[in-house]
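Visitor: Got a structure here, written out as structure tokens. Questions coming.
The values are calculated or read from the model by the stated rules, or taken from the named source; none is laboratory data. Since this is a predicted model, take the numbers as computed values, not measurements. Using ideal geometry, Cβ is built from the backbone for each residue, glycine included, and neighbour counts are taken over all protein chains shown. Just the protein is used for accessible areas: all its heavy atoms, side chains included, with ligands, DNA and RNA removed. Shrake-Rupley method; radii C 1.70, N 1.55, O 1.52, S 1.80 Å.
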Amino acid sequence: MAMILEAKGLSYAYPGGVTALSGLDLGVQRGKRLAILGPNGAGKTTLLQHLNGTLKPSAGTVHLDGTIMGHGRTELAAWRRRVGLVLQEPDDQLFAPTVFEDVSFGPLNLGLSEAEARQRVIEALNSLRIADLAERPTHMLSFGQKKRAAIAGAVAMRPDVLLLDEPTAGLDQFGAVHLLAVLEKLQAGGATLVFTTHDVDLAWAWADDIALFDAGQVARQGRPEEVLADAEALSRARLKPPFLLELGLKARQRGWLGADQPLPRNRSDAMALLDGI
Amino acid sequence: MIACDRLAHTSRWRTRPLAEKALLSLGLLALAVTLPPAGGALVLGVALTAALAAGTPPLALLRLIAAPMAFILTGALTLLVEIGADGIHLSATGATQAAALVLRALAAVVSLLLLAVTTPASELVQGLRRLGLSAEVAEVALATYRFLFVLQDTAAAIHATQTARLGTTGWRRRIRSTGMLVATLLPRALDRAHRLEVGLAARGFDGSLRTISPTRPAQGRRLALVAVLLVSVGVTGAWL
């Protein structure tokens, strides 16, 4: 499988000396949705910030399309042009007086003309379905609206890879479902998505590929049904297998679900399974 | 300031070109300062009418006027008395002078508020930028503007949690809690600033905060209308 982004042997310690990453390896497959799964405080954000060059590892390398990425000024610019980052807290990202102005920041930094940048902003606002918020001041938005505005700011740069730190954290159910639908559309347009989460159910429902993050390393990476069924590895990372996966495995054990049939990954899959019994 | 910002963002004149609003407000301000007291009353009337026409709630406007009004009244009070060789006594002309001062100052305050309650501070800075304010100063001003709201939210949250844990009952505790709030706010602000830097860097920050600001070109016809209004207020005010 073609890797668009790869981390090899990454090590990093916080200024206080606490180890965050110790020889971490990670591969991001092109066009897929990768979940970096781990408990709170495991260093997922730190890992994400290595993937766009915000943090520089003490050892190890990050490869973009097979090329080792450097941390020089021009190299970083090229890196960030292709790899976008959305922080967990949208207030850390929004700085301009209005949504439109804020979203225009990235495209202008790409060196686009004002007309092109304007076009990009309009597209990004439409794809996040917040065109009606364009003229609103960023400090008068709800949390969910701020979150979408922050994502639009990254999307307007049309990155090949979009890194999202806990994208659904703080959103209500409707907001989360809506956001995931928007992200799916971006993926359909060719973007690769990497997101951190501590939510095993979200990882099971939504990820194509899962990297289980524990003690500064990727303990296991692979398809969701493999990684998330590994109760032992999950428990070492203070996590439990997702409920629907357990349900599906139980149904297979009882013979209600064939070994070749897919396991339920969302509510309607589970309902269909129950109806079939 | 926060109240002003909210009014400005919800104002009916929010999307009117800055040049029109600035001409009207600053023109009225100039008239308030130069016209005789009776003219001041006219200016006050026009400025109030304009502010209400822009959709400013009367009560909110009154609250904004209250603070500067306290200063104006204190100043006017001193005009009422005279200190002579025989001690302090009421001034013969003091009452008229005090009334004139209050009227003129009030007219000036409302004229300037007219701009403040119809135009967000960020747009004023962008307007100054077009008039030649350096990009660096404008960026610092805009970042400060943005940060004020983030910090205000943080301060409000800290204050709420202090209150919930009885940190603000009794003046001794209140002083202690306020001290802790201020002490917490600085490192929080620095931390925020650092994270904002990470967020900006991810979008290709290279030292300048360029964005596409909405352009609202002023219409010559409307500017002329404002000018005609100002001239007629000026002429009537001088004649009164």
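Visitor: Which of the numbered conditions does residue A:77 fail, given that it passes all the others? Conditions: (1) assigned by TED's automatic domain parsing to the domain that holds residue A:168; (2) open to solvent by less than 10 Å² (accessible area, probe 1.4 Å).
Guide: (2)
Visitor: Tell me which helices (runs of 4 or more DSSP H) are completely within region B:48-145 and hold 1 or more residues being of a type in the set (Lys, Arg), within 16 Å of the chain's Cα centre (by Cα) and under 30 Å from residue A:91 (Cβ atoms), or say none if there are none. Full working, then the answer.
Guide: Details: elements: B:58-80, B:94-116, B:121-130.
Result: B:58-80.
Visitor: What's the number of the condition residue A:238 fails, among (1) under 29 Å from residue A:19 (Cβ atoms); (2) open to solvent by 80 Å² or more (accessible area, probe 1.4 Å); (3) in a helix (DSSP H, G or I)?
Guide: Among (1) under 29 Å from residue A:19 (Cβ atoms); (2) open to solvent by 80 Å² or more (accessible area, probe 1.4 Å); (3) in a helix (DSSP H, G or I), residue A:238 violates only (3).
Visitor: Moving on. Any idea how many residues of region A:215-229 are outside any helix (DSSP H, G or I) and open to solvent by 40 Å² or more (accessible area, probe 1.4 Å)? Let's see the steps before the verdict.
Guide: Pass one, region A:215-229, residues outside any helix (DSSP H, G or I): A:215-223, A:228-229.
With open to solvent by 40 Å² or more (accessible area, probe 1.4 Å) added as a condition, the list becomes A:215, A:217, A:219-221, A:223, A:229.
Residues meeting the conditions: 7.
Visitor: Any residue at all in region A:95-102 that is touching a Pro at 6+ places or on another chain (Cβ under 9 Å) and assigned to a strand (DSSP E or B)?
Guide: yes
Visitor: Something else about it: Within region A:67-74, is even one residue buried (at least 24 other Cβ atoms within 10 Å of the Cβ) and within 13 Å of chain B (Cβ to nearest Cβ)?
Guide: No: zero hits.
Visitor: Among the numbered criteria (1) in contact with a strand residue (DSSP E or B) (Cβ under 7 Å, 6 or more places away or on another chain); (2) more than 14 Å from chain A (Cβ to nearest Cβ), which one does residue B:166 miss?
Guide: Of (1) in contact with a strand residue (DSSP E or B) (Cβ under 7 Å, 6 or more places away or on another chain); (2) more than 14 Å from chain A (Cβ to nearest Cβ), only one is false for residue B:166: (1).
Visitor: Based on what the data block shows, is residue B:31 more than 23 Å from residue B:217 (Cα to Cα), away from chain A (no Cβ under 14 Å) and open to solvent by 50 Å² or more (accessible area, probe 1.4 Å)?
Guide: For residue B:31, the condition - more than 23 Å from residue B:217 (Cα to Cα), away from chain A (no Cβ under 14 Å) and open to solvent by 50 Å² or more (accessible area, probe 1.4 Å) - is not met.
Visitor: Would you check which residues across region A:21-55 are within 14 Å of another protein chain (Cβ to nearest Cβ) and closer than 22 Å to residue A:106 by Cβ and list them?
Guide: Scanning region A:21-55 gives A:45, A:48, A:49, A:50, A:51, A:52, A:53, A:54, A:55.
Visitor: Can residue B:175 be described as at pLDDT 85 or above, away from chain A (no Cβ under 12 Å) and either part of a helix (DSSP H, G or I) or open to solvent by less than 20 Å² (accessible area, probe 1.4 Å) (or both)?
Guide: yes
Visitor: Taking region A:75-93 only, how many residues are polar (S, T, N, Q) and more than 7 Å from chain B (Cβ to nearest Cβ)?
Guide: 1
Visitor: Checking residue B:230 against (1) more than 11 Å from chain A (Cβ to nearest Cβ); (2) surrounded by 15 or more Cβ atoms within 10 Å (Cβ to Cβ); (3) not small (Gly, Ala, Ser); (4) not in a helix (DSSP H, G or I), which single condition isn't satisfied?
Guide: Status for residue B:230: all satisfied but (4).
Visitor: Residues being touching a residue at least 24 places away in the same chain (Cβ under 8 Å), more than 9 Å from chain B (Cβ to nearest Cβ), part of a loop (DSSP other than H, G, I, E, B) and open to solvent by 30 Å² or more (accessible area, probe 1.4 Å): count how many of those fall in region A:109-144.
Guide: Adding up the residues that qualify gives 1.
Visitor: A further question on this structure: Say whether the condition of being assigned to a helix (DSSP H, G or I), open to solvent by 10 Å² or more (accessible area, probe 1.4 Å) and over 19 Å from residue A:213 (Cα atoms) is met by at least one residue in region A:48-63.
Guide: No, region A:48-63 contains no residue that is assigned to a helix (DSSP H, G or I), open to solvent by 10 Å² or more (accessible area, probe 1.4 Å) and over 19 Å from residue A:213 (Cα atoms).
Visitor: Same structure again: Taking the criterion of being away from chain A (no Cβ under 14 Å) and closer than 17 Å to residue B:228 by Cα, would at least one residue in region B:50-63 satisfy it?
Guide: Yes; the residues of region B:50-63 include at least one that is away from chain A (no Cβ under 14 Å) and closer than 17 Å to residue B:228 by Cα.
Visitor: From A:212, A:164, grab the single residue that is assigned by TED's automatic domain parsing to the domain that holds residue A:86, touching a Phe, Trp or Tyr at 6+ places or on another chain (Cβ under 6 Å) and part of a strand (DSSP E or B). Lay out the reasoning, then the answer.
Guide: On the way: A:212 fails: touching a Phe, Trp or Tyr at 6+ places or on another chain (Cβ under 6 Å).
Being assigned by TED's automatic domain parsing to the domain that holds residue A:86, touching a Phe, Trp or Tyr at 6+ places or on another chain (Cβ under 6 Å) and part of a strand (DSSP E or B) holds for just one of A:212, A:164, which is A:164.
Visitor: Residues that are closer than 25 Å to residue B:205 by Cα and more than 14 Å from every other protein chain (Cβ to nearest Cβ): does region B:135-154 have at least one?
Guide: The answer is yes, given that some residue of region B:135-154 is closer than 25 Å to residue B:205 by Cα and more than 14 Å from every other protein chain (Cβ to nearest Cβ).
Visitor: Let me ask another. Residue check, residue B:236 against (1) within 30 Å of residue B:33 (Cβ to Cβ); (2) β-branched (Val, Ile, Thr); (3) in contact with a Ser or Thr (Cβ under 8 Å, 6 or more places away or on another chain), all met but one. Which one?
Guide: Checking residue B:236 against (1) within 30 Å of residue B:33 (Cβ to Cβ); (2) β-branched (Val, Ile, Thr); (3) in contact with a Ser or Thr (Cβ under 8 Å, 6 or more places away or on another chain), the one that fails is (3).
Visitor: Still on this structure: Could you look through region B:183-224, keep only residues that are assigned to a helix (DSSP H, G or I) and either within 25 Å of the chain's Cα centre (by Cα) or in contact (Cβ under 8 Å) with a residue 24 or more places away in the chain (or both), and pick out the one that is farthest from the other protein chains (Cβ to nearest Cβ)?
Guide: So the residue we want is B:223.
This table checks each residue for (1) closer than 27 Å to residue A:87 by Cα; (2) open to solvent by 60 Å² or more (accessible area, probe 1.4 Å).
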position	(1), (2)
B:122	yes, no
B:125	no, no
B:134	no, no
B:146	yes, no
B:150	yes, no
B:182	yes, yes
B:191	yes, yes
B:199	yes, no
B:202	yes, no
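Visitor: Right, something else. Looking at region B:14-28 only, could you name the residues that are away from chain A (no Cβ under 14 Å) and either farther than 23 Å from residue B:62 by Cβ or open to solvent by less than 60 Å² (accessible area, probe 1.4 Å) (or both)?
Guide: B:17, B:19, B:20, B:21, B:22, B:23, B:24, B:25, B:27, B:28
Visitor: Can you find even one residue in region A:251-264 that is assigned to a helix (DSSP H, G or I) and crowded, with 16+ Cβ neighbours inside 10 Å?
Guide: Yes, the conditions are met somewhere in region A:251-264.
Visitor: OK, next. Looking at residue A:181 and the list (1) more than 14 Å from every other protein chain (Cβ to nearest Cβ); (2) open to solvent by less than 30 Å² (accessible area, probe 1.4 Å), which single condition is not satisfied?
Guide: Evaluating residue A:181 over (1) more than 14 Å from every other protein chain (Cβ to nearest Cβ); (2) open to solvent by less than 30 Å² (accessible area, probe 1.4 Å) leaves (2) as the failure.
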